[in-house]
1. Kindly indicate whether residue 68 is crowded, with 18+ Cβ neighbours inside 10 Å, in contact with a helix residue (DSSP H, G or I) (Cβ under 7 Å, 6 or more places away or on another chain) and in contact (Cβ under 8 Å) with a residue 24 or more places away in the chain.
2. Tell me, please, whether a residue that is closer than 25 Å to residue 61 by Cα and over 10 Å from the mean Cα position of the chain (by Cα) can be found in the stretch 108-116.
3. Scan 98, 113, 91 and give me the residue that is part of a loop (DSSP other than H, G, I, E, B) and at pLDDT 95 or above.
4. Please determine, by comparing only the residues of the stretch 72-87 that are part of a strand (DSSP E or B) and surrounded by 15 or more Cβ atoms within 10 Å (Cβ to Cβ), which one is farthest from the chain's Cα centre (by Cα).
């Protein structure tokens, strides 16, 4: 009887611990912005991605050395060019590339991805 009770107690403890520990995984938060968001026909903009991890956005901490993939749609590549398609975050969780306008008025859509998080921003070329 004691052995059966001990085994049942161990099994219940294991189930509770597994459920509790699986809920402790950090989420990744990605923010992407362009500075400036509007540029001249021959202008440039800094595309910045900020990567943080934590339980929620208020307590998330910067992620250093994360690889961020950045691209513009193939249909918009004739209007602007990125200085790089991947960037690595610094100690502040920030990675940046340059977007250069190629002399055509257009809104260019930039997409960034780290892990499973995907975010977008736009740059208006005037």
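1. The answer is no for residue 68.
2. yes
3. 91
4. Top of the filtered list is 80.
The values are calculated or read from the model by the stated rules, or taken from the named source; none is laboratory data. A quick note: this is a predicted structure, and the numbers were derived from the prediction, not measured. Neighbour counts are summed over all protein chains in view; Cβ atoms, including those assigned to glycine, are modelled from backbone coordinates with ideal geometry.
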